[in-house]
Amino acid sequence: MKYFIAWYYLLPLGLAPHFAQAQAGYPPPCDQIKQVKLDTDQNKRLILINFMRNCVGKYWLNDKGIVLLREYQNEQGKLCWLLLPSIDDSYKDNPPNRFASFEGDIILVFDADSNRNVKPTIGDKTLLNQCLEQIIGDRVYTRPVIKGRWTDMVLPFTDRKMKEGAHRHALGNGGSLLIIFNSDGSYEKLLPV
């Protein structure tokens, strides 16, 4: 009984450092990508929460999904965010230099021009992608290397073989959302075309 009482009092002391680390967070596994904080006020926090809730089940499937955020100034000089859901590793074509961790999810932050086009990567793409792979882990699907589709389909009446298998395209904005922040702290939500 004496040993049980001793362990009972010592156990919380032994776990205290682990709880302190969990509260403070852990640094990213690499330093090529800068971690930033996006939810700097209540409005931005609510925007991110609502956007991610919308992504879950609609755009993020099978426990896969990250957010691609294009940050830019519009023609009026206002800060804008274009939020896009993603489930693949297309970010590797032009990897960003910044990311945010938000409630366990990852947001990649891209610099964009006033037309919402991502600016070219600054730095070594290979190093940036290696770092991002560690940060993102298995949150996205890897795109296939082969870009074609085999088929055994023959076109009716001509007896010619089709060159590629069927493609399926969906129209719409794919879940993207445009936020324009005003200097007074208010913001506008728009669905980009």
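Annotations for the structure displayed:
- Accessible surface of the range 25-117, 1.4 Å probe: 45 percent of it comes from carbon and sulfur atoms.
- Length available on full extension from Asn62 to Glu164: 0.36 nm per residue minus the Cα-Cα distance, which gives 34.0 nm.
- A 1.4 Å probe run over the range 97-193, with the rest of the protein chains in place, finds 71 Å² accessible per residue.
- Of all DSSP beta bridges in the range 51-101, antiparallel share, percent nearest 5: 90
- A 1.4 Å probe over all protein chains sorts Met153, Met52, Met162 by accessible area into Met153, Met162, Met52, starting with the largest.
- Mean separation of Cα pairs under 8 Å and 6 or more residues apart, divided by the residue count, gives the range 39-131 a relative contact order of 25 percent.
The values are calculated or read from the model by the stated rules, or taken from the named source; none is laboratory data. In this text, all values refer to a predicted model and were calculated from it rather than measured experimentally. The protein model used for the area step is the full one, side chains on, heavy atoms only, and it has no ligands, DNA or RNA in it. Shrake-Rupley method; radii C 1.70, N 1.55, O 1.52, S 1.80 Å.
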